[in-house]
Amino acid sequence: MYAIVEIAGQQFKVERGNKVYVHRLEANEGAKIEFDNVLLLDNGGKISVGTPTVDGAKVAATVISHLKGDKVIIFKKKRRKGYQKWNNHRQCLTQILIQGVLAKGDKLESELTAERKVRVQGLKAKIAEPILEVEEVVIEDPIKKAAPKKAAPKKAAAKKTTKKKED
């Protein structure tokens with residue numbers, strides 16, 4: 001199931017699990033948001049085209065992070081006129097994770113079923129248990145054992161200077 005949805009003035013083809021970079025949204029990181037401006041919806045081969053939007057369709061997403069895009073260089077020049085203009089721009093973006101594409105009357109299913117939740121809670125309990133016995137493991141490097149010891153480098157001897165005694 002996929003949809004073409006308009007987000008912040010741009011159109012995106014989205015499916016469940018996609019990560020999409022959109023223009024900066026006014027939502028906090030981790031916030032769950034819904035977009036109801038769905039232009040086309042494909043539900044297992046059954047395509048619904050909106051006039052202008054599909055009635056009751058939504059796209060559920062979660063805000064992952066806010067970031068800046070790559071630097072774009074703007075350089076203008078008019079030859080033989082001595083005119084040069086240099087500028088840069090970095091677009092502010094928001095990365096979102098699509099949780100699901102919902103047709104009219106659909107509800108977003110939980111990521112974890114009840115059985116998975118129990119497993120996760122059991123794993124968390126096992127991780128929280130303290131470790132009672134710790135064995136110290138010493139690993140010797142066979143290369144270092146077999147290599148002969150090198151003699152320490154000799155220091156250069158200080159030069160002896162003798163002064164002649166004047167009579």
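Please tell me if ILE73 is modelled with pLDDT of 95 or more, of a type in the set (A, V, I, L, M, F, W, C), more than 30 Å from ILE4 (Cβ to Cβ) and assigned to a strand (DSSP E or B). It is true that ILE73 is modelled with pLDDT of 95 or more, of a type in the set (A, V, I, L, M, F, W, C), more than 30 Å from ILE4 (Cβ to Cβ) and assigned to a strand (DSSP E or B).
Any idea which residue in region 40-75 is nearest to ARG24 (Cα to Cα), counting only those that are of a type in the set (A, V, I, L, M, F, W, C) and over 32 Å from the mean Cα position of the chain (by Cα)? My answer is VAL49.
When you go through SER65, SER48 one by one, which is the residue that is surrounded by 15 or more Cβ atoms within 10 Å (Cβ to Cβ), small (Gly, Ala, Ser) and part of a strand (DSSP E or B)? Quick ask: steps written out before the conclusion?
Working: SER65 fails: surrounded by 15 or more Cβ atoms within 10 Å (Cβ to Cβ).
Only one candidate qualifies: SER48.
Scanning region 87-104 turns up no residue that is without any contact (Cβ under 8 Å) to a residue 40 or more places away in the chain and out of contact with any strand residue (DSSP E or B) (no Cβ under 8 Å at 6 or more places or on another chain).
Please find, within region 21-46, the residue that is nearest to LYS58 (Cα to Cα) out of those that are in contact with a Leu (Cβ under 8 Å, 6 or more places away or on another chain) and not charged (D, E, K, R).
The first filter runs over region 21-46 and keeps only residues in contact with a Leu (Cβ under 8 Å, 6 or more places away or on another chain), leaving 21-24, 33.
In the following step, the residues that additionally are not charged (D, E, K, R) were identified as 21-23, 33.
Values: TYR21: 18, VAL22: 17, HIS23: 19, ILE33: 10 Å.
The extreme case among them is ILE33.
The values are calculated or read from the model by the stated rules, or taken from the named source; none is laboratory data. Keep in mind it's a predicted model, so treat the numbers as computed, not measured. So basically every Cβ, Gly included, is an ideal-geometry build from the backbone, and we count neighbours across all protein chains shown.
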